[in-house]
Amino acid sequence: MLFNSLTFIVFFAAVLGLHALPLPWRLKKFNLLIASYLFYAAWNPPFVLLLWLSTLVDWFVARAIYTEERLTRRRGLMLLSVAVNLGVLGYFKYGEFLLENWQLLMGTMGIDFHPPSWSIVLPVGISFYTFQTMAYSLDVYLRRSAPAESFTDFALFVTFFPQLVAGPIVRPTQLIPQFATPRRANVNQIAWGLGLVTLGLFQKVVVADGLLAPAADKVFGAGQSLPFGDAWLGTLAFSGQIFCDFAGYSTTAIGIAMCLGFSLPNNFRFPYAAMGFSDFWRRWHISLSTWLRDYLYIPLGGNRKGSLRTYANLLTTMLLGGLWHGASWTFVAWGGLHGIYLATERWLKRRFGGRSVRPVATRIGLVLLTYLLVNLTWVMFRAQDFPTAWRLLGAMTGLATGDQAVLPRINVIIVAVVIPVMLLVHWLMRERELEAVVTSLPWWATATAWAGMLFTIVATQGSGDAFIYFQF
């Protein structure tokens, strides 16, 4: 069930109506739990069983960890939770990838190995809820939090439908306590929530799908070398598309939760205004970057064991972060490039000092340089294979350009207008909060912008495309 569908509008109206009824809080939570299972079952009902498996395993394992005093038993229980969660994720998401690479390895050794065909369907959102349930068990193991007192509260934490499929990846301490007491949005929260839903759908339906996707699809789908300009315009279009698509989902999810009286953490802070790559990852997919920091980078040693170990930890974390996104070496390369960027940035700061940058022109230059280098990594993220990626990168660097243009003039104009506007918005909002900006505007300006977004959402003849991050 897609946020950008009429089915979801009817579903959400029904959930909102039930939540507003004068019912006991326990019954309201049960209604939300059933609604969350129905929301997920709309894709593939049998995969609800995987949600139940993760819920039951982590519920019982976390409680056992909490009461167990012996370190070896606690560690064994924690490893059981990790093994079950990563085992399910690995089977469904990486099984075919591992078989294909094993076949290639056998081939290099002269062994003619033919694995059975792999026709497993990837459960939507499995990477997101797997990391979320793992965080629960790991936090209990690390004594960061106690287990939930109510099984319903924990089950709802695992399956809460606004962020179930594509995040934000919520920590147990952020959401479970909100289920303990009755929640009902006031008029201001509902207005803000609906405004965020409108903004998120505008980003997805109008900007990502309507304006930018055509150019990105044409460039990355081309089977020949491209002119320098087309290669860059297509990559820039994808940079805007993936931001508006994913940030649009997160904004919509936060707005939906707010309409129900719940608060979800922000997942994006205008990342294309980042000055450097550590700043970029403080602004892009914040819930994932902080998860990787707290449960992977820091346990590996973080920056506490010398420079070389720090660089290795950064690279390892980003390589695995790339693999989290998809079972393909192009995603690993994308993560590896970001790891190299982060390690290089850290070395430069140690070598030349981490002085603050004051001149506006220099700050803008650093932002544009960061954005330029991030776009080079988006080629690896979007390309279906390495030949496509090399072809695009060759054209973008001027090393292997072609003569056959693939972008119609209308696509060129759209990208040339939309991307600078997006970058300007990110720069202006770099140190600001959306709420503060909106509340400072006169009511008629807010109403006009809201009406304009609603009109363009309805007027855009979209095909109801799924959000890009659903595949992860």
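Annotations
- Pick from the range 203-252, criterion more than 14 Å from residue 393 (Cβ to Cβ) and among the acidic types (Asp, Glu), ranking: surrounded by the fewest Cβ atoms within 10 Å (Cβ to Cβ): 217
- Residue within the range 320-338 that is closer than 19 Å to residue 377 by Cα and surrounded by fewer than 18 Cβ atoms within 10 Å (Cβ to Cβ) present: yes
Residues are listed down the side, and each one gets a yes or a no for (1) in contact (Cβ under 8 Å) with a residue 40 or more places away in the chain; (2) of a type in the set (Asp, Glu); (3) surrounded by 15 or more Cβ atoms within 10 Å (Cβ to Cβ):
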| residue | (1), (2), (3) |
| --- | --- |
| 68 | no, yes, yes |
| 72 | no, no, no |
| 97 | yes, no, yes |
| 101 | no, no, no |
| 116 | no, no, no |
| 130 | yes, no, yes |
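- Check on residue 127, of a type in the set (S, T, N, Q), part of a loop (DSSP other than H, G, I, E, B) and assigned by TED's automatic domain parsing to the domain that holds residue 60: no
- Selection within the range 52-61 - farther than 10 Å from residue 133 by Cα and crowded, with 19+ Cβ neighbours inside 10 Å: 61
- From the options 367, 379, 374, residue that is within 30 Å of residue 428 (Cα to Cα), in contact with a Leu (Cβ under 6 Å, 6 or more places away or on another chain) and modelled with pLDDT of 90 or more: 379
- Residue match in the range 248-259 (condition: farther than 18 Å from residue 201 by Cα, part of a helix (DSSP H, G or I) and of a type in the set (S, T, N, Q)): no
- Among the conditions (1) over 26 Å from residue 468 (Cα atoms); (2) at pLDDT 95 or above, the only one that residue 338 does not satisfy is (1).
- Helices (runs of 4 or more DSSP H) contained entirely in the range 260-363, each with at least 2 residues that are among the hydroxyl-bearing types (Ser, Thr, Tyr): 286-292, 307-325, 329-352
- Listing of helices (runs of 4 or more DSSP H) fully contained in the range 369-472 that carry 2 or more residues being polar (S, T, N, Q) and in the same structural domain as residue 243 (by TED's automatic domain parsing): 434-440, 443-459
The values are calculated or read from the model by the stated rules, or taken from the named source; none is laboratory data. Since the model is a prediction, treat every value here as computed from it, not as a measurement. Please note: Cβ atoms are built from the backbone with ideal geometry, for glycine as well, and neighbour counts cover all protein chains shown.
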